[in-house]
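*Asks:* Sharing a structure here in structure tokens format.
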Amino acid sequence: MNEYRVSWYILIDEKGGIEGRSLLRGDPDHFDVVLATFKEKLSKEYNVRQSSIFILDTVEMN
């Protein structure tokens, strides 16, 4: 398991959105699945479509 710092942005409406950072853990070979699950969680938490969630940066932590 590796740890990643993920910077994200959620577009709420045409006037703005929410920016944040999160730490995620996951297998590097299946990180796309971890990221998809994370976007699904954010979508439910902020009541937005997954298409409104943008991953700005992903950095592997050592």
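*Asks:* Can you give the accessible area per residue of segment 12-53, in Å², using a 1.4 Å probe?
*Replies:* Here the per-residue accessible area is 77 Å².
*Asks:* So how much accessible area does Asp27 have, in Å² to the nearest 10, using a 1.4 Å probe?
*Replies:* 60
*Asks:* Just by accessible area at a 1.4 angstrom probe, what is the order of Leu11, Leu42, Leu56, Leu35 from largest to smallest?
*Replies:* My answer, sorted largest first, is Leu56, Leu11, Leu35, Leu42.
*Asks:* Report the relative contact order of the chain, percent, no decimals, based on alpha-carbon pairs under 8 angstrom and at least 6 residues apart.
*Replies:* So the answer I get is 48 percent.
*Asks:* Okay, moving on. Could you check how much of the accessible area of the chain is carbon and sulfur, as a whole percent, using a 1.4 Å probe?
*Replies:* The value for the chain is 47 percent carbon and sulfur by accessible area.
*Asks:* Now a separate question. Counting other Cβ atoms within 10 Å of each Cβ, which trypsin sites (Lys or Arg not before Pro) in the chain have at most 15 and sit in a DSSP loop? Intermediate values should be presented prior to the final figure.
*Replies:* Values: sites: Arg5, Lys15, Arg21, Arg25, Lys39, Lys41, Lys44, Arg49; in loops: Lys15, Arg49.
Here the trypsin sites (Lys or Arg not before Pro) that fit, given the DSSP loop and packing criteria, are Lys15, Arg49.
*Asks:* Please determine, in degrees from 0 to 90 and to the nearest 10, the orientation of helix 31-46 with respect to the longest principal axis defined by the Cα atoms of the chain, where the helix direction is its Cα long axis.
*Replies:* 30
*Asks:* Within segment 1-49, report the GluC sites (Glu not before Pro) that DSSP leaves as loop and that have at most 14 other Cβ atoms within 10 Å.
*Replies:* Here the sparse-neighbourhood loop sites are Glu14.
*Asks:* Right, here's the next one. Can you give the calculated 222 nm mean residue ellipticity of the chain, where each DSSP H run of n ≥ 4 adds -39,500 (n - 2.57) and the sum is split over every residue, rounded to the nearest 500 deg cm²/dmol? If you can, show how the numbers build up before the last one.
*Replies:* Numbers: 1 runs with 16 residues, N = 62.
Mean residue ellipticity, 222 nm, calculated: -8500 deg cm²/dmol.
*Asks:* May I pose another question? Calculated from the structure, Kirkwood radius over Cα pairs in Å equals which of (1) 12.0; (2) 12.8; (3) 16.2?
*Replies:* Comparing each candidate, only (1) matches the computed number.
*Asks:* What accessible surface, in Å², does a 1.4 Å probe find on Ile12, ignoring ligands, DNA and RNA and rounding to the nearest 10?
*Replies:* 80
The values are calculated or read from the model by the stated rules, or taken from the named source; none is laboratory data. The structure presented is a predicted model; accordingly, all values stated were derived computationally and were not measured. Every residue, glycine among them, receives a Cβ derived from its backbone with ideal geometry; neighbour counts consider all protein chains shown. SASA here: full protein model, heavy atoms, side chains in, ligands and nucleic acids out. Shrake-Rupley method; radii C 1.70, N 1.55, O 1.52, S 1.80 Å.
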